């Protein structure tokens, strides 16, 4: 048996950002298969354009258009591409100075081996078939024989449908491990038991157990089996629908202080109208059928009223 | 300025930490080591500051969970940076300079192996023009290495010399996760990985944690025979764009070194996660040829994210405690291709 339990977790979020006038022009240009840069106060043409001049710190406004061909100024081989990169087979990342620009930009270069890349080689943008106004409208660079066509020209009209925002999906994959103490807790849950751990310094019992007592920093060591019955210390009525919600609102999410524990944990209170849930209410764990159990807190379907008289406020006031 | 010294340091490094990314389990024994070194308890610590990232942990507020390792009744004075803990040390040093506290414990932690580290780090780049391409850390370092090779500033042999010396020195470092030098010829005979980088040119993905104790004046003298007194501490940042800066240089490192003062430094621990970056740093910091660089083996022997920089400072401070050196330098970097740099110089006094 491994020391800890672990499971794959994917964290994903779409970042929505406004682009402003400078990056908006750059991204609008890409959508139209045009590459927009700016001329800085030093006279250098920079692509992608910085929003503010690196020397004067003024907002840039001298927009120019450069070619979709350029020269590699540095490169590196990518033998094992990671998810989301422009190509899913080995490729090169390159710094490419586009014809008409004075500094390079980073993008992928589609070649099949490092033997096919060298600093100084000529490349051309391969445009994405569907372009939305994003850096990925440049699918990648590819080798070309075309010579340099000259200098940057003043930016012309980009049309009346400017890009004003971008959505960047971010997705990260993790193998998420529980601590040894959390692992013991989930292994016990898989057997229908609830365990906590007692802090040897202050004597408090934590459930789920933590790696250290948050009050005094001492590792918790002594395992304690806990009752499946407890007291609602505080609660909220969920009225707002949200993505992934499994129960139709209104329903109650509550802190339940199990008998013998010193810290409450969050769970659902069902089998009672939401408006009748109250602080001090006595509740018990309702377990799902045994064949549905796993190493998860969801083995406990919810907590349900026991029908006992409410607990005295003094018995849980230290745990709010 | 108040005299402030490093008086405690503890670290752990490993290839893969089989535990929660909150790293409480790693931090508790590190704090215990710091208490033992100083004879203090947590109540003697005036300020706590940590360096870590939720992107590494894959969960929100992981640094709040880590506070469990301190114990916060009564409440503690605490802060956090989403940078290497060397920057947390800078905040703690400033806090002591204000006179509000006399002591601080700084820690960093990270479980790099929980995700794909080189990919996760793409999220520190420009979100409009860079992150959507997911340029991984190794690729960005490769672009930098090639730029220096093309410019004739270094070559593959010079990079292999850095790696060979680091892995040889790492044999004496019980915390190193990659160690064992061979020869420059043998290293150069190994296959390319991310051309122009071989695998030994790239720091290994490392999990770990570290903690360091700072104290002012007499509080330092009370607990340490030969405190590592901080004589200079400075950090600067270069533009994030890879196109508009000369990748073969790190002006922010040069400015930090100039502000901290590198005169008389005998030992320098440089945070160079890629072999060629040590060559960039040696030049920017203006280190003389007789300065001993990375006797610990440096980041090429172990590079726990959010901790590796603090470990460089700790390894440098240890040289002072042990009486091996009188003036030492610790450096840390953050961001892509040496974008951000911090330099801390320390000295022993008799």
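Just so you know, all these numbers are worked out from the coordinates, no wet-lab data involved. Computed from a predicted structure; not experimentally measured. Don't worry about glycine lacking a Cβ; one is built from the backbone with ideal geometry, like all the others, and counts go over all protein chains shown.
Please compute, over every Cα-Cα pair in chain B, the percentage with a separation greater than 39 angstrom.
Value for chain B: 9 percent of Cα pairs lie more than 39 Å apart.
Go ahead and run the numbers for FRET between residue A:153 and residue B:259, Cβ-Cβ distance against an R0 of 41 Å, rounding to 0.05.
That gives a FRET efficiency of 0.40.
What's the center-to-center distance, using Cα atoms, between the stretch B:98-118 and the stretch B:135-159 in Å?
29
Name the shape class, rounded, prolate or oblate, that the alpha-carbon gyration tensor gives for the stretch B:50-91, where a ≥ b ≥ c are the square roots of its eigenvalues, rounded holds for a/c under 1.5, and otherwise prolate holds if a/b is larger than b/c and oblate otherwise.
Judged from the Cα gyration tensor, the stretch B:50-91 comes out oblate (a/c at least 1.5, b/c at or above a/b).
Taking the beta-carbon count within 10 Å as an exposure proxy, list A:76, A:16, A:306, A:233 from fewest neighbours to most.
Ranked by crowding around the Cβ, least crowded first: A:16, A:306, A:233, A:76.
Please report, in whole Å, how far the alpha carbons of the stretch A:127-222 spread along each principal axis, starting with the longest.
Principal extents (Cα only, largest first): 77, 26, 26 Å.
First measure r as the distance between the Cβ atoms of residue A:318 and residue B:153, then evaluate 1/(1 + (r/R0)^6) with R0 = 56 Å and state the FRET efficiency to the nearest 0.05.
Here the calculated transfer efficiency is 0.30.
P(r) tail for the stretch B:21-141, what percent of Cα pairs lie past 20 Å?
49
Once a ≥ b ≥ c are taken as the square roots of the eigenvalues of the Cα gyration tensor of the stretch A:1-132, is the result rounded (a/c under 1.5), prolate (a/b larger than b/c) or oblate (a/b not larger than b/c)?
In terms of gyration-tensor shape, oblate.
Where the convex hull is taken over the Cα atoms of the stretch A:179-319, what is its projected area averaged over directions, in nm²?
Computing the convex hull of the Cα atoms and averaging its projections yields 9.1 nm².
Between the stretch A:55-99 and the stretch B:283-307, how far is it from one alpha carbon centroid to the other, in angstrom?
Spelled out, the Cα-based centre of one part sits 31 Å from the other.
Springs between alpha-carbon pairs under 10 angstrom, Gaussian network model over chain B: which of B:75, B:227, B:239 fluctuates most?
Most flexible of the set in this elastic network: B:75.
What nm distance separates the two modelled labels at residue B:283 and residue B:225, each placed 7 Å from Cα along Cα→Cβ?
Computed distance between label sites residue B:283 and residue B:225 equals 4.2 nm.
Using the alpha-carbon centroid of each, what span in Å lies between the stretch A:191-247 and the stretch A:268-298?
If you average the Cα positions of each part, the centres end up 15 Å apart.
Arrange the following residues from fewest to most other Cβ atoms within 10 Å of their Cβ: A:313, A:251, B:55.
A:313, A:251, B:55
For B:235, A:228, which order do you get if you count the other beta carbons within 10 Å of each Cβ and list the fewest first?
The fewest-first ordering by Cβ neighbours comes to A:228, B:235.
If the convex hull of the alpha-carbon atoms of the stretch B:1-75 is projected onto planes in all directions, what is the mean projected area in square nanometres?
6.5
Counting only Cα atoms, I'd like the Rg/Rh figure for the protein assembly as shown, Kirkwood definition for Rh.
1.02
Could you work out [θ]222 nm for the protein assembly as shown from helices alone, using -39500 (n - 2.57) per DSSP H run of at least four and dividing by all its residues? Round to the nearest 500 deg cm²/dmol.
-6000 deg cm²/dmol
For a paramagnetic label modelled at 7 Å from the Cα of residue A:171 toward its Cβ, which residues of the stretch B:126-141 fall within the zone defined by backbone nitrogen distances under 17 Å?
Once the point is set 7 Å along Cα→Cβ of residue A:171, B:132-135 turn out to lie under 17 Å by backbone N, inside the stretch B:126-141.
Dividing the alpha-carbon radius of gyration of the stretch B:199-244 by 2.2 N^0.38 Å (N being the number of residues), what value is obtained?
Scaled against compact globular proteins, the figure is 1.93.
Let me know the whole percent of all Cα-Cα pairs from the stretch A:198-245 that are separated by more than 17 Å.
54
Would you mind classifying chain A by shape? Square roots of the alpha carbon gyration tensor eigenvalues, ordered a ≥ b ≥ c; an a/c under 1.5 is rounded, otherwise it is prolate if a/b is larger than b/c and oblate if not.
It is prolate, given that a/c is not under 1.5 and a/b is the larger ratio.
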